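Please treat every number below as a calculation from the coordinates, not as lab data. No experiment lies behind these values; they were computed from the predicted model shown. Note that each Cβ is placed from the backbone with ideal geometry, even for glycine, and that neighbours are counted across all protein chains shown.
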Amino acid sequence: MLVIREINEEDQTKLEVGLHDYDYKMTEAIYNKKISFGYYDDHNNLVAGITAKIEGYKIMYIETLFVNECYRHLGIGKTLIKQMEERAIFEGIKLIRLDTFSWQALEFYKKLGYEVATSYEISDNAYEYILIKRI
């Protein structure tokens, strides 16, 4: 008999491994790598950072870009994106994807050459956007 219930982090990892194993079997593309960069202040506090992972077919997914409000509009976010794009090129990546919400950084990403692949409304006048950039 099967039952459905919440799973813990260990089982979440098992699911991801199972999916990656299946993807490899179907594509022979083995690539699952996490990459991150951060800016630190003089007291070694993280004030901005970016995280990404490289998936099958060498697609980079930028998971998180965050800049503390005190450090915004100084070019830090742009520098972090450029750093990740340089790493993507080094890794042989041809496509980067990311997502953002309507209250976050849509115009910022567009200025950096990302194009909206799709979007959908998540509530009244609030949207999520999926963006891509071929490099």
>> Placing unit charges on C-beta atoms (Lys and Arg positive, Asp and Glu negative, everything else neutral), compute the dipole magnitude of segment 29-134 about its Cα centre in debye, rounded to 20.
In response: 540
> Can you sort Val3, Val67, Val17 by how many other beta carbons sit within 10 Å, fewest first?
Replying inline: Val3, Val17, Val67
>> Students often forget the sequence filter, so: which lysines lie under 22 Å Cα-Cα from Lys14 once same-chain residues fewer than 8 apart are removed?
In response: Lys25, Lys33, Lys34, Lys53, Lys58
>> For segment 18-106, take every pair of Cα atoms, bin their distances at 10 Å starting from 0, and report each bin as a whole percent.
In response: 16, 42, 28, 12, 2
> For the pair Ile135 and Glu69, what calculated FRET efficiency results from E = 1/(1 + (r/R0)^6), where r is the Cβ-Cβ distance and R0 = 30 Å, to the nearest 0.05?
Replying inline: 0.55
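Going by how many other beta carbons lie within 10 Å of each one, how would you line up Met60, Met1, fewest first? Let's see the in-between values first.
Working: Met60 25, Met1 2.
Exposure proxy ranking, most exposed first: Met1, Met60.
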>> Springs between alpha-carbon pairs under 10 angstrom, Gaussian network model over the chain: which of Leu19, Leu80, Leu112 fluctuates most?
In response: Leu19
> How far apart, in nm, are two points set 7 Å out from the Cα along the Cα-to-Cβ line at Asn8 and at Leu112?
Replying inline: 3.7
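Working out 0.36 nm times the residue gap between Leu95 and Thr79, then minus their Cα-Cα distance, what length gain in nm do you get to one decimal? Walk me through the numbers before you get to the answer.
Values: separation 16, 0.36 × 16 = 5.76 nm, distance 1.85 nm.
This chain segment gains 3.9 nm when fully extended.
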>> Can you tell me the length gained on complete extension of the stretch Lys34 to Asp21, counting 0.36 nm per residue apart and subtracting the Cα distance?
In response: 3.0 nm
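Which of Lys14, Lys53 comes first, and how do the rest follow, when ranked by fewest Cβ neighbours within 10 Å? Before the final figure, lay out each step's value.
Values: Lys14 12, Lys53 15.
Listed from fewest to most nearby Cβ atoms, that is Lys14, Lys53.
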> With a sphere of radius 14 Å drawn around the Cβ of Ile76, what net charge do the other residues whose Cβ falls strictly inside it have (Lys, Arg +1; Asp, Glu -1)?
Replying inline: +1
